[in-house]
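Participant: I am attaching a structure below and will ask some questions about it afterwards.
The values are calculated or read from the model by the stated rules, or taken from the named source; none is laboratory data. On a predicted model such as this, the values are computed, not experimentally measured, just so you know. Don't worry about glycine lacking a Cβ; one is built from the backbone with ideal geometry, like all the others, and counts go over all protein chains shown.
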Amino acid sequence: MHIVVCIKQVPDSAQIRVHPVTNTIMRQGVPTIINPYDLFALEAALELRDKFGGEVTVLTMGPPSAEDSLRKALTYGADRAVLLTDRFFAGADTLATTYALATAIRKIGETYGAPDIIFTGKQTIDGDTAQVGPGVAKRLGLLQLTYVARIGALDLVGRTIEAERRSEGGVQILRTRLPCLISMLERAHRQVERAGCRGRGHLEMRAARLADYRQAGVRAVAPRGEGGADRFRRSAAGGSADRGHFQAAAQARSRARGAGARVLTGYLREAVR
Amino acid sequence: MSEPTKAAAPSGRAATKKELPEHFRGYKHVWVFVEQERGQVHTVSWELMGAGRKLADKLKVDLAAVVIGPEGEATRQAANEAFCYGADLVYVVADNLLADYRNESYTKALTDVVNTYKPEILLLGATTLGRDLAGSVATTLLTGLTADCTALDVDADGSLAATRPTFGGSLMCTIYTLNYRPQMATVRPRVMQMPERLARDPGRIVMHPLGLVEDDIVTKVLSFLPDRESAKSNLAYADVVVAGGLGLGSPENFQLVRQLASVLGAEYGCSRPLVQKGWVTSDRQIGQTGKTIRPKLYIAAGISGAIQHRVGVEGADLIVAINTDKNAPIFDFAHVGIITDAIRLLPALTEAFRARLSPHSRDRIAS
């Protein structure tokens with residue numbers, strides 16, 4: 001079985017601060033982490049691999065420094081890591097991102113065998129759109145199961161998978177066909193980081209595979225000059241969402257600090273006494 | 001993502017602005033996807049009707065609702081309700097294959113209606129269903145989709161200006177889909193104001209066929225487990241919310257939050273770390289990646305108030321923060337700040353409120 005996990009390196013938003021005067025984001029020195037939701041996806045992928053055998057390929061698109069996230073994923077136990085990096089990708093919107101990722105996954109499939117399952121987190125903590133997973137599925141013509149809380153029966157011979165999908169008012173138990181894309185919901189306890197040591201023994205070998213991949217000239221899976229990149233460029237320019245202009249928002253905090261607040265303050269003081 | 005530079009903004013947009021291609025010029029009117037699950041219309045759909053009505057009036061076009069669901073009373077009812085929330089006409093795809101939400105069948109239904117009747121703007125709720133559907137539909141139509149908008153407006157030239165927070169809410173960006181149609185956007189529940197419901201007779205309903213048989217749909221629904229009514233959290237719509245954070249120190253102490261909530265007739269919630277630690281289930285999470293709340297009173301105990309939390313609670317009328325750290329960011333936006341240990345204050349509050357509130361007046365505080 002071949003599983004591809006899409007991860008993203010994001011700024012650790014818990015450490016982002018807002019400038020007290022200009023009210024804009026202070027991004028300098030904010031450390032990056034693997035999007036926490038993607039770790040649940042990676043964990044689900046590793047569990048399936050450990051149970052059914054096969055390989056887990058981790059894919060990310062980002063600046064060259066996103067390699068850190070891939071190395072971390074390798075220490076957690078992934079078998080292979082692919083970095084998709086090109087200046088073309090800067091500022092890509094969801095439509096363009098899905099194009100790049102789908103192209104990369106096709107290429108990975110040609111090189112290492114077609115994936116049976118593609119995992120993503122339910123959303124990232126920086127973009128927060130939850131739209132890239134469904135977009136990738138659509139572009140690859142795959143079925144999708146989003147907001148999955150638990151994977152049920154997996155039948156590699158009959159090529160079916162069952163999963164519990166969270167919906168607004170309950171849980172849907174769904175069965176669909178492989179290959180498919182699954183976006184994983186968070187779980188109460190995440191093991192993957194604690195289990196990190198299981199990958200460590202093979203880190204060298206695995207890291208070497210990352211290097212091999214790069215030496216093979218496919219660091220950017222859809223590099224300039226290939227047909228894919230051309231089309232990607234058009235797509236990025238065309239889907240102009242996210243290409244709009246940014247405006248700093250002076251966050252008006254003009255909330256009524258009126259009578260209600262005073263009454264309650266008094267009341268609370270009394271309660272504490 | 002570039003740093004905000006005011007001067008560069010208009011020229012940046014002008015540079016990408018092109019004439020709308022010929023085949024998109026016929027795209028007119030504002031649409032709202034009316035989400036129903038098992039006969040229940042999600043309130044976010046009516047909130048979007050309110051926002052959609054304003055856009056349609058500015059553009060001087062019609063507001064249409066799209067109702068997708070099984071044949072029968074519930075779907076008919078949803079269509080009729082749409083008129084009461086301001087729809088000029090309603091498109092309906094009714095087929096028993098649509099009884100349960102499935103990505104394949106709903107994507108086909110919505111994509112077909114869009115391709116046939118060509119709206120210029122399409123709004124969906126950013127719910128689990130809406131986000132699942134919106135991503136598929138936008139990619140199928142190859143158009144732009146702006147997720148989780150907090151404000152929607154129409155520019156002088158008639159384009160949709162969809163504003164959303166980025167970087168955890170400290171920066172707002174306005175996003176345009178200039179050269180493709182429809183312009184798609186999702187909005188989270190409780191972000192737009194609920195419009196007034198006006199009793200109106202149903203108007204024009206346009207039926208559209210699904211054109212699928214069960215064998216065409218690969219994914220099967222084996223069963224559906226509805227949430228127990230008692231376990232269902234009504235956090236987003238509660239008038240009073242009490243929430244706890246890491247400052248509580250241990251999962252046992254989270255009981256104190258529940259107890260105060262129970263005395264106040266309030267819903268309880270938590271910040272993200274508690275969900276990640278497994279102390280509280282994720283349906284109770286408040287903030288950027290959890291629920292957006294707009295209660296009349298919000299009591300935050302032991303929550304530091306990181307940006308991610310702040311964006312989810314800023315709509316509250318009155319925020320009371322309890323924290324031992326006087327430098328905690330929550331005191332920047334709370335209306336009432338109490339610098340003390342929540343573990344000691346919460347039981348005192350619970351007792352005080354219990355003494356003051358008879359069962360009768362408990363209802364009043366929440367209304």
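Participant: Which is within 14 Å of chain A (Cβ to nearest Cβ) and within 30 Å of B:A99 (Cβ to Cβ), of B:L142, B:L260?
Facilitator: B:L142
Participant: Among (1) among the β-branched types (V, I, T); (2) part of a loop (DSSP other than H, G, I, E, B); (3) modelled with pLDDT of 95 or more, there is one condition B:T5 misses while meeting the rest; what is its number?
Facilitator: Evaluating B:T5 over (1) among the β-branched types (V, I, T); (2) part of a loop (DSSP other than H, G, I, E, B); (3) modelled with pLDDT of 95 or more leaves (3) as the failure.
Participant: Keeping to the range B:242-295, report how many residues are in contact with a strand residue (DSSP E or B) (Cβ under 8 Å, 6 or more places away or on another chain), in a helix (DSSP H, G or I) and within 23 Å of B:P329 (Cβ to Cβ).
Facilitator: Qualifying residue count for the region: 11.
Participant: Based on this model, can you work out whether B:V218 counts as in contact with an Asp or Glu (Cβ under 8 Å, 6 or more places away or on another chain), in a loop (DSSP other than H, G, I, E, B) and at the interface with another protein chain (Cβ under 9 Å from one of its Cβ atoms)?
Facilitator: yes
Participant: Restricting the search to the range B:90-107, which residues are within 14 Å of chain A (Cβ to nearest Cβ) and either of a type in the set (F, W, Y) or not in a helix (DSSP H, G or I) (or both)?
Facilitator: Answer for the range B:90-107, where residues must be within 14 Å of chain A (Cβ to nearest Cβ) and either of a type in the set (F, W, Y) or not in a helix (DSSP H, G or I) (or both): B:A99, B:D100, B:Y101, B:R102, B:Y106.
Condition check ((1) within 9 Å of another protein chain (Cβ to nearest Cβ); (2) not hydrophobic (A, V, I, L, M, F, W, C)) across all residues:
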{"position": "B:V241", "(1), (2)": "no, no"}
{"position": "B:F254", "(1), (2)": "no, no"}
{"position": "B:L264", "(1), (2)": "no, no"}
{"position": "B:E267", "(1), (2)": "no, yes"}
{"position": "B:K277", "(1), (2)": "yes, yes"}
{"position": "B:I286", "(1), (2)": "no, no"}
{"position": "B:T289", "(1), (2)": "yes, yes"}
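Participant: Quick check on the range B:195-203. Is at least one of its residues closer than 30 Å to B:D317 by Cα, without any contact (Cβ under 8 Å) to a residue 60 or more places away in the chain and more than 14 Å from chain A (Cβ to nearest Cβ)?
Facilitator: Yes - at least one qualifying residue is present in the range B:195-203.
Participant: Moving to a separate point now. Please go through the range B:110-119 and give me each residue that is buried (at least 23 other Cβ atoms within 10 Å of the Cβ) and either free of Cβ contacts under 8 Å to residues at least 12 places away in the same chain or within 14 Å of chain A (Cβ to nearest Cβ) (or both), ordered by number.
Facilitator: Across the range B:110-119, the qualifying residue is only B:L110.
Participant: If only one of B:G69, B:G52 is buried (at least 22 other Cβ atoms within 10 Å of the Cβ) and closer than 20 Å to B:L160 by Cα, which one is it? Please lay out each step first, then the result.
Facilitator: Values: B:G69 fails: closer than 20 Å to B:L160 by Cα.
Within the list B:G69, B:G52, the selection yields B:G52.
Participant: Can you give me the number of residues within the range A:174-188 that are modelled with pLDDT of 95 or more and either surrounded by fewer than 19 Cβ atoms within 10 Å (Cβ to Cβ) or not in a strand (DSSP E or B) (or both)?
Facilitator: Here the count works out to 4.
Participant: Looking at B:L133, B:L122 in this structure, which one is in a strand (DSSP E or B) and under 25 Å from B:M194 (Cα atoms)?
Facilitator: Result: B:L122 is the single residue among B:L133, B:L122 that is in a strand (DSSP E or B) and under 25 Å from B:M194 (Cα atoms).
Participant: Is there any pair with a first residue in the range A:97-108 that is in contact (Cβ under 8 Å) with a residue 12 or more places away in the chain and more than 12 Å from A:D86 (Cβ to Cβ) and a second that is assigned to a helix (DSSP H, G or I) and of a type in the set (G, A, S) whose Cβ atoms are under 6 Å apart and which are 6 or more apart or on different chains, and what are they?
Facilitator: Pairs found: A:T98/A:G135; A:Y99/A:S235.
Participant: Still on this model: Go through (1) surrounded by fewer than 22 Cβ atoms within 10 Å (Cβ to Cβ); (2) on the phi > 0 side of the Ramachandran plot; (3) not β-branched (V, I, T) and name the single condition A:E162 misses.
Facilitator: The failed condition is (2).
Participant: Go through B:A161, B:A151 for me and flag whichever is facing chain A (nearest Cβ under 9 Å), over 13 Å from A:Q131 (Cα atoms) and among the hydrophobic types (A, V, I, L, M, F, W, C).
Facilitator: The unique qualifying residue is B:A161.
Participant: Exactly one of these conditions fails for A:D126: (1) surrounded by fewer than 24 Cβ atoms within 10 Å (Cβ to Cβ); (2) away from chain B (no Cβ under 12 Å); (3) in a loop (DSSP other than H, G, I, E, B). Give me its number.
Facilitator: Only one criterion is unmet by A:D126, namely (2).
Participant: So, in the range B:91-120, of the ones that are of a type outside the set (A, V, I, L, M) and in contact with a helix residue (DSSP H, G or I) (Cβ under 7 Å, 6 or more places away or on another chain), which residue ends up nearest to B:A78 (Cα to Cα)?
Facilitator: Let us first name the residues in the range B:91-120 that are of a type outside the set (A, V, I, L, M), namely B:91, B:95-96, B:100-108, B:111-112, B:115-120.
Next, from what is left, pick out any that are in contact with a helix residue (DSSP H, G or I) (Cβ under 7 Å, 6 or more places away or on another chain): B:91, B:101, B:103, B:105-107, B:111.
On the way: B:Y91: 11, B:Y101: 16, B:N103: 20, B:S105: 19, B:Y106: 16, B:T107: 19, B:T111: 20 Å.
Among those residues, the one meeting the criterion is B:Y91.
Participant: For the list (1) touching a helix residue (DSSP H, G or I) at 6+ places or on another chain (Cβ under 6 Å); (2) in a strand (DSSP E or B); (3) more than 15 Å from B:Y106 (Cα to Cα), I need the number of the one condition that B:A162 fails.
Facilitator: Answer for B:A162: the failing condition is (1).
Participant: Being among the aliphatic types (A, V, I, L, M), touching a residue at least 24 places away in the same chain (Cβ under 8 Å) and part of a helix (DSSP H, G or I) narrows it down to one of B:A87, B:A79, B:A147, so name that one.
Facilitator: When all the criteria are applied, what remains is B:A79.
Participant: Continuing with the same structure: Just to be sure before I move on: is A:D93 among the acidic types (D, E), farther than 26 Å from A:G53 by Cα, without any contact (Cβ under 8 Å) to a residue 12 or more places away in the chain and within 14 Å of chain B (Cβ to nearest Cβ) in the structure I sent?
Facilitator: no
Participant: Among the listed residues B:L297, B:L274, B:L222, B:L212, which satisfies the condition of being surrounded by 16 or more Cβ atoms within 10 Å (Cβ to Cβ) and free of Cβ contacts under 8 Å to residues at least 40 places away in the same chain?
Facilitator: The unique qualifying residue is B:L274.
Participant: Right, here's the next one. Here are some residues: B:T150, B:T140, B:T127, B:T107. Which one is modelled with pLDDT under 95 and buried (at least 19 other Cβ atoms within 10 Å of the Cβ)?
Facilitator: Step by step, each of B:T150, B:T140, B:T127, B:T107 is checked, and only B:T127 is modelled with pLDDT under 95 and buried (at least 19 other Cβ atoms within 10 Å of the Cβ).
Participant: Scan (1) farther than 30 Å from A:V132 by Cβ; (2) surrounded by fewer than 16 Cβ atoms within 10 Å (Cβ to Cβ) for the single condition B:L256 breaks and write down its number.
Facilitator: It fails just one condition, (2).
Participant: Output the residue which, of all residues in the range B:38-49 that are surrounded by 17 or more Cβ atoms within 10 Å (Cβ to Cβ) and touching a Pro at 6+ places or on another chain (Cβ under 9 Å), is nearest to B:D227 (Cα to Cα).
Facilitator: Once the filter is applied, the top-ranked residue is B:H42.
Participant: What are the residues in the range B:177-188 that are within 9 Å of chain A (Cβ to nearest Cβ) and part of a loop (DSSP other than H, G, I, E, B), if any?
Facilitator: B:T177, B:L178, B:N179, B:Y180
Participant: Could I ask something else about it? Out of the range B:251-277, which residues are of a type in the set (A, V, I, L, M, F, W, C) and closer than 20 Å to B:Q308 by Cα?
Facilitator: Let us first name the residues in the range B:251-277 that are of a type in the set (A, V, I, L, M, F, W, C), namely B:254, B:256-257, B:260-261, B:263-264, B:266, B:270, B:274-275.
Selection gives B:C270, B:L274, B:V275.
Participant: Also, quick follow-up: Every residue in the range B:296-314 that is assigned to a helix (DSSP H, G or I) and not small (G, A, S), please.
Facilitator: Within the range B:296-314, B:I307, B:Q308, B:H309, B:R310, B:V311, B:V313 qualify.
Participant: Would you mind telling me which numbered condition in (1) of a type outside the set (S, T, Y); (2) more than 30 Å from B:D283 (Cα to Cα); (3) surrounded by fewer than 23 Cβ atoms within 10 Å (Cβ to Cβ) A:L143 fails?
Facilitator: Among (1) of a type outside the set (S, T, Y); (2) more than 30 Å from B:D283 (Cα to Cα); (3) surrounded by fewer than 23 Cβ atoms within 10 Å (Cβ to Cβ), the lone unmet condition for A:L143 is (2).
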